[in-house]
Structures are given as C-alpha cells and as structure tokens.
1. Please tell me if residue 314 is touching a residue at least 12 places away in the same chain (Cβ under 8 Å), open to solvent by less than 30 Å² (accessible area, probe 1.4 Å), out of contact with any helix residue (DSSP H, G or I) (no Cβ under 9 Å at 6 or more places or on another chain) and closer than 17 Å to residue 193 by Cα.
2. Going by the structure shown, is residue 237 hydroxyl-bearing (Ser, Thr, Tyr), modelled with pLDDT of 95 or more and over 21 Å from the mean Cα position of the chain (by Cα)?
3. Just to confirm my filter: which strands (runs of 3 or more DSSP E) fall fully inside the stretch 152-237 and include at least 2 residues that are more than 10 Å from the ligand (Cβ to nearest atom) and more than 30 Å from residue 262 (Cβ to Cβ)?
4. All but one of (1) at pLDDT below 95; (2) more than 19 Å from the chain's Cα centre (by Cα) hold for residue 200; state the number of the condition that does not hold.
5. Any residue that is more than 18 Å from the chain's Cα centre (by Cα), hydrophobic (A, V, I, L, M, F, W, C) and either open to solvent by less than 20 Å² (accessible area, probe 1.4 Å) or within 16 Å of the ligand (Cβ to nearest atom) (or both) - is there at least one of those in the stretch 280-303?
6. Could you check, for the stretch 121-137, whether at least one of its residues is open to solvent by 10 Å² or more (accessible area, probe 1.4 Å) and either farther than 24 Å from residue 90 by Cα or in a strand (DSSP E or B) (or both)?
7. Enumerate the strands (runs of 3 or more DSSP E) found wholly within the stretch 1-107, keeping only those where 2 or more residues are away from the ligand (no atom under 13 Å from the Cβ) and within 24 Å of residue 177 (Cα to Cα).
8. Yes or no: the stretch 255-274 includes at least one residue that is open to solvent by 20 Å² or more (accessible area, probe 1.4 Å), at positive phi and in a helix (DSSP H, G or I).
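The values are calculated or read from the model by the stated rules, or taken from the named source; none is laboratory data. A quick note: this is a predicted structure, and the numbers were derived from the prediction, not measured. When we count neighbours, we look across all protein chains shown, and the Cβ atoms used for this are built from the backbone with ideal geometry, even at glycine. Please note that ligands, DNA and RNA were not included when accessible areas were found on the heavy atoms of the full protein model with its side chains. Shrake-Rupley method; radii C 1.70, N 1.55, O 1.52, S 1.80 Å.
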Amino acid sequence: MSERFDAVVVGGGVIGLACAWRARQRGLDVVVLDAARPGAASPVAAGMLSPATETEFGEERLLELNLHALELWPRFAAELELPYRQCGALALATDADEAAELRRHVEYRRSLGLAGEWLTPSRCRELEPGLAACAGGVLVPDEGECDPRAIVAALAARVPVERAEVVDGVWDGERLAGVVTADGRTVEGTVVLATGCWGADWLPEPPALRPVKGQIVRLRGTPILGRLIRAERVYLTPRANGELVVGASVEERGFDTSVVAGTVHELLREAYRILPDIAELEFVEACAGLRPATPDNLPLVGSGPVEGLVYALGHYRNGILLAPATADEVAGLLAGARV
Ligand SMILES: Cc1cc2nc3c(=O)[nH]c(=O)nc-3n(C[C@H](O)[C@H](O)[C@H](O)COP(=O)(O)OP(=O)(O)OC[C@H]3O[C@@H](n4cnc5c(N)ncnc54)[C@H](O)[C@@H]3O)c2cc1C
C-alpha cells in the first residue's frame, strides 16, 4: 500500500505539528506520522518562552534565534487561539553566591544589548509578595508562557496526524522519496524529520543528537505567583488557570524516563524555599521528558544531506519557544521544494 503527499512529517511533537500546520497554510498536502513514544518532550515541557533567562554564556547564536522566535509568538498564539501570556520573568538569587553569578549574567546580557536591571530583595518581594527572603533579582518583562499541552492540542486539531512508527526510508536512487512504517505502509513525499531526541541514525554523523532527561512537577490551586521565577536550582511557571509547573532536572541518562522520588523531593524543596505557599497547592503529577539535544545546543533545521529530507530536530530546552520560527523555516523550504 502506498500513499503520496507533498510532505510526510515524522514526529507529532510541537515541532512536527507546527511545521505541518504552516506547510498546510501554504497549500501543501501534508501528513504527520507519530509513534506516541513515551518520553516525548512536548507534553512534559513547562512552556516558558524565555530567550534571555534560558541563555547561557557563549550561546549568542541561540539567543538570536530565541529572540526572533519570541517576536513571532503573539501572532502564532492568536492564530491558534492559545492561552499565551507575556507575564514577564524574574531571575532570582537566593543567596550571595547566586547574586554574584546573576550579576555576571546581567552584565553579559547587557553586553549583548539586552535590558536587565538589578532589583533589591524588597523590590522583588513587592513584585511577588509570596516570595521568601531572597538576595535580589532581575526583571525581564517581555518573557512569557504558554501551556505546551494546549499548543499540541490546538495544532493537532488543524493537521492530519496518524499513529504510526516510521522504521525506514523509501529511496529513489540517491533521493529519499518517503518512509516505511512498522505496519508496512509506504508513505511518499518530502520527509520532514521532527522526531525529537530520536532519529540520530538519520544524521550523517551520529551521535549528533541525544536525549537529556528532565523531570518536572505540576501543582494546582489559587494563583500565588504572577511571573515566571528563574532561580539557579529550580524554576516556577505559573498559569492563569492556577497551574504551577516546577522544573526541571537536567540529566544525561539516555532514554530513561523514570520519575524518581529524590528528584521530585529536590524540586519541591527548592520551590518551597523560594515560594513557601506552594505547600498549600494540590499535587497533580510528576513526569519526565527527553529534551532533544545537540552538541552545541543549537537546533538542526534545514535541508538534510540527501535530496528529499528536511531536518527539524534538536530544539533542546527551547522547542516550545522556537516552534513558530522552525515552522516558518521548514514550511518555506517545503513550499520552495514543490515549485
Ligand atoms: C522537563 C522539560 C521542560 C521543558 N521546558 C521547556 C520550556 O519551558 N520552554 C521551551 O521552549 N522548551 C522546553 N522544553 C523543551 C521542549 O519540550 C522541546 O524542545 C520540544 O518539545 C521538542 O519538540 P519535538 O517536537 O522536537 O520533540 P517531541 O515533543 O519529543 O516529539 C517527537 C515526536 O516524535 C515521535 N517519534 C519519534 N520517533 C518516531 C518514529 N520513528 N516514527 C514516528 N514518530 C516518531 C515521538 O513519538 C514524539 O511524539 C522542555 C523539555 C523538558 C523535557
């Protein structure tokens, strides 16, 4: 059995779905094939849209991509009718050592032309009255959040998604002409590889892609926080509906997706040190996802090494933020390829 589309998107996480949606808007006939793998990153992510507070020293190129993506977010969210909030982020230091480190970060961001003003502990607590004692912070007003599960649901309602595991490619000489699924279907079209942390064997030099495990805790109750809080050992992402996401571990454990008591304990302990009122919130869940990481933390987006293959991989810590930008780029490539 063989079916033909303009593009076959392999992977129905936020990246694959967003690429498929934008490609359909350009008039392409697209299908998304997803294997529903445990540990997919998108449904686990916190949904912070944080170009500056997520950037580490030396990640100027990533910062540029992230800032561009943030600019696309208001339109992306409006088109999908998503609960996007530009609530701002408060990068917080809980002691003198963290304050010194955060000040170094602020200087670095200033050197890149980003705003960032040091706030005294009392000013931090004026902004967020629920905070425990802290050593100061920095307000980044243009950062925000959007619920990744709402994003995935909104996109999945707009593109055809089929449950199927892709196991191989279909070759027409040197050109990749489509994919083969585990149940023996052949689906032809330009292949968009959006398989998150899976798919290293499709790259010319494995292992250029690896999973980085993240455990996260979801709480719910009366809202106790207005902004994202970014501290050294934990972050807090509040939603308007009362959900509070506490994240996240960063673990090099291959494809392990277990949720362990010690990590949940550490996340809650650090969150409690910053915002004691979390003790009153209802515990909803703890879960783990696999971030798709590359050696330089930059996404792998663009034409693959063979004709007929497009990459949309490796979005690591920023795939929710970067989705609108990657989708535009991939849809542009696919539309160009069709001409
Ligand atoms: C704990 C945690 C917190 C995070 N917080 C944030 C955040 O606050 N902000 C942010 O921007 N980013 C965040 N991220 C990162 C973000 O979640 C990822 O970068 C993004 O979700 C990657 O999306 P993706 O579609 O590439 O991968 P995934 O969401 O992993 O989707 C890949 C899909 O491919 C499918 N697949 C794989 N192989 C095959 C195959 N052979 N055939 C068919 N289907 C296949 C899988 O079933 C899966 O559904 C976080 C990640 C984690 C784990």
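1. Values: touching a residue at least 12 places away in the same chain (Cβ under 8 Å): yes; open to solvent by less than 30 Å² (accessible area, probe 1.4 Å): yes; out of contact with any helix residue (DSSP H, G or I) (no Cβ under 9 Å at 6 or more places or on another chain): yes; closer than 17 Å to residue 193 by Cα: yes.
So residue 314 passes the test.
2. Numbers: hydroxyl-bearing (Ser, Thr, Tyr): yes; modelled with pLDDT of 95 or more: yes; over 21 Å from the mean Cα position of the chain (by Cα): no.
No; evaluated as a whole, the condition is false for this residue.
3. On the way: elements: 161-163, 166-172, 175-181, 186-193, 210-220, 228-230.
Result: 166-172, 175-181, 186-193.
4. Just one mismatch for residue 200, condition (2).
5. yes
6. If we filter the stretch 121-137 for residues that are open to solvent by 10 Å² or more (accessible area, probe 1.4 Å), which is where we start, we get 121-123, 125-127, 129-130, 132-135.
Adding the requirement that they be either farther than 24 Å from residue 90 by Cα or in a strand (DSSP E or B) (or both) leaves none.
The answer is no, given that none of the residues of the stretch 121-137 is open to solvent by 10 Å² or more (accessible area, probe 1.4 Å) and either farther than 24 Å from residue 90 by Cα or in a strand (DSSP E or B) (or both).
7. Details: elements: 2-10, 30-34, 89-93.
It comes to 2-10.
8. For the stretch 255-274, residues open to solvent by 20 Å² or more (accessible area, probe 1.4 Å), at positive phi and in a helix (DSSP H, G or I): absent.
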